[in-house]
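The structure under discussion appears below in the form of structure tokens.
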Amino acid sequence: MSTDVIKNIIVKDDEDYIINMGPQHPSTHGVLRLEVCLNGEIVKYVIPHIGYIHRGIEKMCEADTYKQIIHLTDRMDYLSAHMNNEAVCLAVENALEVEVPERVQYIRAILDELNRLASHQLWWSAFGMDLGALTTFFYGLRDRERILQIFEESFGSRLLHSFNTPGGLMHDVHPNFQKHVIEFVKYFRKKLPDYKNLLTDNVIFHNRTKGIGNMTREQAVAFGVTGPSGRGSGFACDVRKVAPYGIYDKLDFEQVLYKEGDSFARYQVRMDEMEVSLNLLEQLVEKMPSEGDFTAKMKAIVKLPEGEYYQRVETARGELGVFVISDGAKFPYRMKFRTPNFSNLFVLNALSKGLKIADLVAISGSLDLVLPDIDR
Amino acid sequence: MENTELMELITKVIPYGTVSQGSQYPEIVVPADKLHEAAEQLRNMEGHPFDYLINMTAADFSEKFTVYYHMESTKTHNLIVLKADISDREKPEVDTVSDIWVTAEFFEREVFDLFGIRFKNHPDLRRLFLEDDYGFPLRKDFKDEVNIIELPN
């Protein structure tokens, strides 16, 4: 984007003016400032300014043990807390070549999918609200509450779990865990048609999203847009399929792909993914061993052998990568998180050029940005 | 595609680089001044274009900086790591690859912000997270007496 953007800044049209959207704008879901250049109502370019909640997580990791790092990763993409934890755990386990008990792998996958569902529900609620449909927020949060109750019952916390630990889980899940997951699946299957009636089939919603923010597959690959946003453009980037981890290669599912690449396609991918997650939950609960250890045997202080390790995980928003350089000490030498939202954010300029400013809200909503994940 | 087969292919395309099997993925080490050329050849490699730059980062090893590029071919789903060492600590510089992968533009801004590595021909090299007068916090010799409290050992 930038060469032509810079030229635009220097050679300004008399009619143009710049407004700052954020850092306190309600539709950005966090502290993101968008420098928007407008000509009337038409967007000429968008420059995202980030760093308002940069906490230096990567620097902090250099002074923390691997078990402590788990708790920092929650705070990146707080809506995919479980997947973030799992990424670090898998990196450590693969480096140490630890065999994780099968039961743990099933529980992790169940929690992954529940977390993904909860995240998509919140996204659906907020996306509707961004576009002026207030009811979605009540529907979405009502159903999300059911998932949070399952989380709370098993490990006390609702949002930031830190339930994973290198080698397994902190402790075993609640005895009613499987029963409640199945109850939730049955409950949410009945509620999903409501979502469809309320928003998916809504003509006003179609007009706001169809044909808005078109992203080609080439653009998605070039900008590294992953997750449901990338799959809405036909970029098959689901890490659960491309580079399976945990139990995912033993499960029967297909990644959701849409070719259109507009905001509505990105919406549909997430709606379909909710159904995929429900199917996966059913398979997982059915196959999950009822007896077994909740953790493998690990040393009290985890030290990775010298080397470089990279672990990929699919979060609710795309591909999360954990890159660890270890020098054999109990702290990592360097830790880098490749966060999905970071790459997803910067495509915003390419998508919103020439559209109206109200469409910018629809596009940023359809990309499903979580700001702490970008700033780290 | 098997990694060994892929490594042979890459050795043919990039004869000036050292190709080896890392702990997980094939790794290619090239001299810093050949980085742009190597990146371009990998991006346009016949049959296996590495078109998806997953991750780009750097690390400080006191006597040198190393830049890492994790890339994947969306056709074959092979992942490789491209590495280059920058030995000049005073004025670390390397060519940008943002003209090859757009997403590199923002990864490079992040690396510039946190390590102070400059990327030649970068279209918009500004700091991403921090203020202009802040140091480069991910360098190992970074000292910030105001914001970072050192714990006693």
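Rule-based calculations on the coordinates, nothing more; no lab input. Being a predicted model, the structure only gives us computed values, none of them experimental. Every residue, glycine among them, receives a Cβ derived from its backbone with ideal geometry; neighbour counts consider all protein chains shown.
Data table
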item: Percent of alpha-carbon pairs separated by more than 17 Å within the stretch A:122-191; result: 55
item: Value in Å of the Kirkwood radius, where the stretch A:163-267 supplies the Cα pairs that are averaged; result: 16.8
item: Tensor-based shape of chain A (alpha-carbon gyration tensor, a/c under 1.5 rounded, otherwise prolate or oblate); result: oblate
item: Sequence-separation-based contact order of chain A, relative, with Cα cut under 8 Å and 6+ spacing, percent; result: 26
item: Candidates A:Asn84, A:Asn202, A:Asn115, ranked by Gaussian network fluctuation over chain A, Cα under 10 Å, top entry; result: A:Asn202
item: GluC sites (Glu not before Pro) restricted to the stretch B:65-135 and DSSP loop, no more than 16 other C-beta within 10 Å; result: B:Glu90, B:Glu131
item: Hydrodynamic radius by Kirkwood, which averages 1/r over all alpha carbon pairs of the stretch A:1-146, in angstrom; result: 19.0
item: C-alpha long axis of helix B:104-115 to longest principal axis of chain B, angle in °; result: 40
item: Where N is the number of residues in the stretch B:66-153, Cα Rg divided by 2.2 N^0.38 Å; result: 1.29
item: Likely footprinting exposure, A:Arg108, B:Arg109, fewest C-beta neighbours within 10 Å first; result: B:Arg109, A:Arg108
item: Phi to ³J(HN,Hα) by Karplus 6.51 cos²θ - 1.76 cosθ + 1.60 over the stretch A:210-226, Hz, x for Gly, Pro; result: 6, x, 9, x, 6, 10, 7, 5, 4, 4, 4, 5, 5, 7, x, 7, 10
item: Residue exposure sequence - A:Cys61, A:Cys37, A:Cys89 - by fewest surrounding Cβ within 10 Å; result: A:Cys37, A:Cys61, A:Cys89
item: Candidates B:Asp95, B:Asp33, B:Asp141: whichever shows maximal mean-square fluctuation once chain B is modelled as a Gaussian network with Cα springs under 10 Å; result: B:Asp141
item: Mean separation of Cα contacts under 8 Å (6+ apart) over length of the stretch B:1-97, as relative contact order %; result: 26
item: Radius ratio Rg over Rh of the stretch A:81-231, counting only Cα atoms, Kirkwood formula for Rh; result: 1.04
item: Peptide B:53-60, shielding by other chains (average Cβ, 10 Å cutoff); result: 6
item: Averaged over B:97-109, number of beta-carbon atoms from partner chains that fall within 10 Å; result: 4
item: Rg to Rh quotient for the stretch B:1-82, alpha carbon positions, Kirkwood Rh; result: 0.94
item: Anchor A:Lys299: lysines whose Cα lies under 26 Å away (excluding residues fewer than 8 positions away in-chain); result: A:Lys59, A:Lys67, A:Lys330, A:Lys336
item: Fewest-first ranking of B:Val111, A:Val256, using other Cβ atoms within 10 Å as the exposure measure; result: A:Val256, B:Val111
item: Translational D in µm²/s for chain B (Stokes-Einstein at 4 °C, 1.567 mPa s, Kirkwood Rh from C-alpha pairs); result: 79
item: Angle in degrees between helix A:135-155 and the longest Cα principal axis of chain A, rounded to the nearest 10; result: 20
item: For chain B, built as a Gaussian network whose Cα springs stay under 10 Å, the top-fluctuating residue of B:Leu130, B:Leu35, B:Leu82; result: B:Leu130
item: Peptide B:118-130, shielding by other chains (average Cβ, 10 Å cutoff); result: 3
item: Helix A:177-195 vs. chain A, principal-axis angle (Cα, 0 to 90°, nearest 10); result: 20
